[in-house]
Amino acid sequence: MYATGRNTDGYGIIFPSIIEFQRTCKINNLEVIFVGQNISNSLRSKKKVLKALKISGLKFRVKFYPDKNNFKNYDYTSVLNKEKNINCAIVAVPDHLHYKVVDECLNYNLHTLVVKPFTTKVADAKKLIAKKNRKNVHGLVEFHKRFDKHNMLLKNTYDNQKLGQPLYFNVEYSQKKIVPEKIFRKWADKTNILQYLGVHYIDLVYFVTKATPMRVLAMGQKNWLKKKKINTFDSIQCFIEWKTKSNIRFNQTLVVNWVDPNNSSSMSYQKIKFCGTKGNYESDQKIRGIKIISDDSDFQEPNPDFCQSFCFDGRYIQWKGYGIKSIVNFLNGVNKTSVSKSKFLKIFDSNCSNFEDALISTAVVEAATKSLKNNSSWQKIKL
């Protein structure tokens, strides 16, 4: 799993989020269990976790599987069977494994948060929704863009009818070559850049407008990554037609790639424009107003709004950002599980994406993938 960073020296956002949840809620006898792919993965996570706890000033129990005294192979089902007091699961595995792992977590009646995308197939998404409802547990998808203040302001402006009826929604979103070439090298050819990255802004359109996606056309190019023996698209361009509840149709243009130069000033390039009948909303989400120039490194334009560590008292580190807030919100909800299912929206922040919400973006990506396989033809989106 990528709970402590994706093959990088950083801590990721999942374990820092657990730390910040515990800092606020102070749960008695909190225990966190990590399940890694293999022993080396587990030991690497253990080293990071112990360091993160030390610099945070907090203490709680942490277990790691596999380790020298536990399971020899990656076997999360054995862990679920052995550990009897698990309350919730956070699933952070490669895209194509989401359905299998989430399904097993639901079998054990666990409240479950899965990183985006929800699943790769609509049929699988519907199965998980049905099982989640039968088990009477909560299921969320970690769409952290919903918690970015840039996008929250867009939703607030739209909801207050300052933009009028939507006409079009343009998105450019890209990441560095290091992501498919190194960080996700082992499974990059089992996903594509639309499914892994672009899905954020498909969900955002739904989050803001609550419109229904009608059809999609997608085209893509395989060049750079193919030369690197990674069989996936360098870039994908999508045209998505949406229909609002008042039967107004509008288009979304979504352009994504993960072949930006590795010396780019930030990991992600993110730019959106919403055009409505009464006004426009533009947001360059790469530019956060910060530029760092040093003799020791390349020019940087970091995004501290996503996940950033800070030292407030001269001793211990705290993590802040919308990436942290998204996961902490799920953990806070799990901590209130005594509240009945009918009060779901009172348990979790309304920004959260439940499984039902995530079905929308799953359907769009599945139809776009079909378009890519059929000469970029228009495909009806089936929900």
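For segment 188-315, the convex hull drawn through the C-alpha positions has a volume of 178 cubic angstrom per residue.
Distance cut-off 31 Å, Cα to Cα: go down the list Lys132/Lys177; Lys135/Lys382; Lys26/Lys48; Lys182/Lys373 and report the pairs above it. Pairs exceeding 31 Å: Lys132/Lys177. Considering amide H positions built from the backbone, and no H for Pro or chain starts, which residues 5 or more places from Val115, or on another chain, come under 5 Å of its amide H? Counting only residues 5 or more places away or on other chains, the set is Val91, Val93, Glu142. Have a look at Asn374, Gly314, Ser294 and report the one farthest towards the positive end of the charge dipole of the chain, computed about the Cα centre with Cβ charges (Lys/Arg +1, Asp/Glu -1). The listed residue farthest towards the positive side: Asn374. As a length-normalised measure over Cα pairs under 8 Å and 6 or more apart, the relative contact order of the chain settles at 19 percent. When Cα Rg over 2.2 N^0.38 Å is calculated for this entry, the matching label among [x] 1.05; [y] 0.98; [z] 1.19 is [y]. Would you please give the residues with an amide H less than 5 Å from that of Gln285, counting only those at least 5 places away or on a separate chain, with H modeled from the backbone geometry? So Gln285 has HN proximity to Gln270, Lys271, Ile272. FRET efficiency for the pair Asp298 and Arg134, taken as 1/(1 + (r/R0)^6) with r the Cβ-Cβ distance and R0 = 56 Å, rounds to 0.60.
Partner lysines whose Cα lies under 16 Å from the Cα of Lys145, excluding those fewer than 8 positions away in the same chain, are identified as Lys116, Lys155, Lys210, Lys271, Lys273, Lys286, Lys320, Lys325. Taking Cα atoms, how many degrees apart are the long axis of helix 39-56 and the longest axis of the chain, rounded to 10 and kept between 0 and 90? Approximately 90 degrees, to the nearest ten. Mean sequence separation of contacting Cα pairs (under 8 Å, at least six apart), scaled by the length of segment 149-230, corresponds to a relative contact order of 42 percent. Across all directions, the average flat footprint of the convex hull enclosing the Cα atoms of segment 79-235 is 11.7 nm².
Label-to-label distance for Leu153 and Asn87 is 3.6 nm, based on points extended 7 Å past Cα in the beta-carbon direction.
For Lys228, the aspartates and glutamates whose Cα comes closer than 17 Å to its Cα, not counting residues fewer than 8 places off in the same chain, are Glu181, Asp189, Asp260.
Among Val62, Val365, the order by Cβ neighbours within 10 angstrom, fewest to most, reads Val62, Val365.
Would you mind calculating the gained length between Lys227 and Leu97 on full extension (0.36 nm times residue separation, minus the Cα-Cα distance), in nm to one decimal?
Gain on extension, Lys227 to Leu97, equals 44.2 nm.
Here Lys47 is the anchor, and the lysines within straight C-alpha reach of less than 20 Å, apart from those fewer than 8 places off in the same chain, are Lys59, Lys63, Lys68, Lys72. In this label model, Lys190 and Ile290 are separated by 3.4 nm, measuring between points 7 Å along each Cα→Cβ vector. Going from the fewest other Cβ atoms within 10 Å to the most, the residues Glu142, Glu172, Glu282 appear in the order Glu282, Glu172, Glu142.
Bear in mind these aren't lab numbers, they're just calculated from the coordinates by the rules spelled out. A quick note: this is a predicted structure, and the numbers were derived from the prediction, not measured. FYI the Cβ positions are ideal-geometry reconstructions off the backbone, even for glycines, and counts take in every protein chain you see.
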